[in-house]
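Down below is the structure, laid out as structure tokens.
The values are calculated or read from the model by the stated rules, or taken from the named source; none is laboratory data. Predicted model only: the values in this text are computed from it and were never measured. Positions of Cβ are generated from backbone atoms using ideal geometry, with glycine treated the same way; all protein chains shown enter the neighbour counts. Each accessible area value is taken on the protein alone, full model and side chains, heavy atoms only, with ligands, DNA and RNA left out. Shrake-Rupley method; radii C 1.70, N 1.55, O 1.52, S 1.80 Å.
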Amino acid sequence: MLECHDGKTKYVQTAAIIGVEAKPVSVEVSFSNGLPGISIVGMPDTAVNEARLRVRAALRASGFNVPHVHILVNLAPSDIPKSGSGFDLPIALGILLATGQIGGEGIVNHLCIGELSLDGSVRSVRGMLAYEQLAREQGVGMLSAVAEQGVFSDMPGRHYCLDSLIDLQTGSFTDPLQRSKTPHQATHDYSDIAGSDLAKRALIIAAAGEHALMMIGPPGSGKTMLASRLPTIMASLSNQERYEAAMIHSVAGLSYDSILEGQKPFRSPHHSATKAGLLGGGSPVTPGEVTLAHNGILFLDEIPEFGSAVLQMLRQPIETGTVSLARARGTTTLPADFMLVAASNPCPCGYYGDPDRNCSCNEAEIRKYQLRIGGPLLDRIDMVLDVWRSKPGEVLATGSGKSSAHMRSTVLEAQDFARQRKSRQRNKGSKASSTNEILEGISSQGFAGEGVRLLEACELGLQERRCLEEAAEHLNLSGRGIMRALSVARTIGDLEQHEQVLSEHILEALTFRAEGRCGNGSH
């Protein structure tokens, strides 16, 4: 809130982006004797300190007077870092209010944010959705550069927009521009891929349960094509998911139009990505690819080419849905609830196990290549799928394959059945007592609570439990591997609209747990 403290000090509301959220900041302006100039304190970075020059030039170009005194600008609280050029406008407004050159209309009870050009024009900055969310939480309006209307229709105060500081003299505030609603046209469809029925079946299972999936196959087998079309068969984002994902992309300065239409984010970083690029980092902390993929898909093409240390750092976000970045100034937690999809060649040359091409790699090279992913990360991947090159006849039949619309309807039906099943099972009550035997031995790994809920959802009979136990022993599955295989089996049961998971569902799920299957020489 703007108020007069002692006749010289003024307060203007603004905010700083910390991670993917906007935190409230007060801009305090005070005059004192000393050399004329502007000093900024409160943990500003270089861009904020440069505001001194931009603000002075913009005020003069807009016909305002810059007092020939020492101006002290304090950004409070001083224990959080301030970065970016969005503090230009609130600093200029604080100076103008302190000198009485403007009134408080449109500024009092408003969150002010914007960058200034040297001619006084106001520019928009990154993270406008995060600022709008903070304004809603604070119960205030906004004052910013002219921008498209945000996604929040229930903002308590009015959103004023400025083209230039000159508008402050005329009081000609404007409203945000109406957001254009051009429908997003999907450019890819699974009908482009003829054949590949087994791969499409696996993708339907993965999409229905949002299971982590890795595709292994030789070059040209269509792994990237299959992965890039995955968003076209997945359910639309809920309103809350849209807001979360759009806010993250707004902070990153990326377009979020397709997200607002409900399409899940699809991020495909290059294998040269660093830890900071993948997980986030820098000063100030900026979101990485795992956060940009929040509520969507993270596709790692040629996953063995990623740095081993980088890959192993994915284990935390896969398990918790968040990534915590510890820095000297504190720990920043970013959302990272994504569906992992990966693609890999079976060996360095790509043709190990290919019946049509000879592999030029020796056994040591193949083993080293496959170990780059690492067992702990591979254990967290629910499904591993062999993908082979299509036959010439299937290639020539491009456009006649099973369409994305058909696959998506199957996914949505399974998810709708799962919701109804959960409701019916809640009404029937808990059956936790029947799960103790199979859970014995894995509770120490932290899966007991999650495992109990999953087994209750599966309603395994004696035959199904024996089938799972024998297969787990044969495949030497860890506790995590058992739970992930069972989760896939539950999704398969939902696709078949079965209340209980059957042995056939378990066996199909377990076919996706075997490792290195592309190297078995079978087609």
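From Val108, Val146, grab the single residue that is in contact with a Cys (Cβ under 7 Å, 6 or more places away or on another chain), surrounded by 15 or more Cβ atoms within 10 Å (Cβ to Cβ) and at pLDDT below 90.
Going through Val108, Val146 in turn, just one is in contact with a Cys (Cβ under 7 Å, 6 or more places away or on another chain), surrounded by 15 or more Cβ atoms within 10 Å (Cβ to Cβ) and at pLDDT below 90: Val146.
Please determine whether any residue of region 80-92 is under 29 Å from the mean Cα position of the chain (by Cα), under 26 Å from Thr286 (Cα atoms), crowded, with 20+ Cβ neighbours inside 10 Å and of a type in the set (Val, Ile, Thr).
No - not one qualifying residue is present in region 80-92.
Kindly indicate the residue of region 26-49 that is open to solvent by 20 Å² or more (accessible area, probe 1.4 Å) and in contact (Cβ under 8 Å) with a residue 60 or more places away in the chain and also farthest from Leu96 (Cα to Cα) among those meeting that condition.
Asp45
If the Cβ limit is 6 Å and pairs must be 6+ apart or interchain, which residue in region 3-19 that is at pLDDT 50 or above pairs with which residue that is of a type in the set (S, T, N, Q)?
Close Cβ pairs (under 6 Å, with a partner that is of a type in the set (S, T, N, Q)) amount to Thr9/Ser30; Tyr11/Ser26; Gly19/Thr332.
Scan Glu289, Glu302 and give me the residue that is open to solvent by 20 Å² or more (accessible area, probe 1.4 Å) and modelled with pLDDT of 95 or more.
Glu289
Mind listing whichever residues of region 316-327 are open to solvent by 20 Å² or more (accessible area, probe 1.4 Å) and more than 24 Å from Ser228 (Cβ to Cβ)?
Gln316, Glu319, Thr320, Thr322, Ser324, Ala326, Arg327
Of everything in region 189-228 that's charged (D, E, K, R) and open to solvent by less than 20 Å² (accessible area, probe 1.4 Å), which residue is nearest to Arg372 (Cα to Cα)?
Filtering first and then ranking leaves Lys223.
So for region 304-316 (the condition being under 21 Å from the mean Cα position of the chain (by Cα), acidic (Asp, Glu) and assigned to a helix (DSSP H, G or I)), does at least one residue qualify?
No.
Could you count how many residues in region 263-284 are out of contact with any Pro (no Cβ under 9 Å at 6 or more places or on another chain) and either in a loop (DSSP other than H, G, I, E, B) or under 27 Å from Ser85 (Cα atoms) (or both)? So that I can check it myself, show each step before the final result.
Taking region 263-284 first, the residues out of contact with any Pro (no Cβ under 9 Å at 6 or more places or on another chain) are 267-270, 272-276, 281-282.
With either in a loop (DSSP other than H, G, I, E, B) or under 27 Å from Ser85 (Cα atoms) (or both) added as a condition, the list becomes 268-270, 272-276, 281-282.
The total comes to 10.
Having 2 or more residues that are within 29 Å of Arg490 (Cβ to Cβ) and touching a residue at least 60 places away in the same chain (Cβ under 8 Å) is the bar; report the helices (runs of 4 or more DSSP H) wholly within region 166-254 that clear it.
The helices (runs of 4 or more DSSP H) meeting that bar are 197-209, 223-228, 239-251.
Could you grab the pairs with beta carbons closer than 8 Å, sequence gap of 6+ or different chains, first residue in region 265-288 and on the phi > 0 side of the Ramachandran plot, second one among the aliphatic types (A, V, I, L, M)?
Every condition considered, the pairs that remain are Gly280/Val290; Gly280/Val323; Gly280/Leu325; Gly280/Leu334; Gly281/Leu325; Gly282/Ala276.
Conditions: (1) within 17 Å of Ala15 (Cβ to Cβ); (2) at pLDDT below 70. His159 meets all but one. Number of the miss?
Against the list (1) within 17 Å of Ala15 (Cβ to Cβ); (2) at pLDDT below 70, His159 comes up short only on (2).
Is there a residue in region 328-337 that is open to solvent by 30 Å² or more (accessible area, probe 1.4 Å), part of a loop (DSSP other than H, G, I, E, B) and at pLDDT 90 or above?
Yes: one or more hits.
If the requirement is being acidic (Asp, Glu), open to solvent by 70 Å² or more (accessible area, probe 1.4 Å) and either modelled with pLDDT under 90 or over 29 Å from Met225 (Cα atoms) (or both), which of these qualifies: Asp379, Asp356?
Being acidic (Asp, Glu), open to solvent by 70 Å² or more (accessible area, probe 1.4 Å) and either modelled with pLDDT under 90 or over 29 Å from Met225 (Cα atoms) (or both) holds for just one of Asp379, Asp356, which is Asp356.
Does Gly253 satisfy the criteria of being open to solvent by less than 40 Å² (accessible area, probe 1.4 Å) and over 19 Å from Met407 (Cβ atoms)?
It is false that Gly253 is open to solvent by less than 40 Å² (accessible area, probe 1.4 Å) and over 19 Å from Met407 (Cβ atoms).
Filter region 360-374 down to the residues that are outside any helix (DSSP H, G or I) and open to solvent by 70 Å² or more (accessible area, probe 1.4 Å) and list them by number.
Going residue by residue through region 360-374, those that are outside any helix (DSSP H, G or I) are 360-362, 371-374.
Hits for region 360-374 are Ser360, Asn362, Leu371, Arg372.
Is region 513-523 home to any residue that is over 30 Å from Glu363 (Cα atoms) and either among the aliphatic types (A, V, I, L, M) or modelled with pLDDT under 90 (or both)?
Within region 513-523, none of the residues are over 30 Å from Glu363 (Cα atoms) and either among the aliphatic types (A, V, I, L, M) or modelled with pLDDT under 90 (or both).
Given the structure, is Arg201 under 20 Å from Gly401 (Cα atoms) and under 25 Å from the mean Cα position of the chain (by Cα)?
No; evaluated as a whole, the condition is false for this residue.
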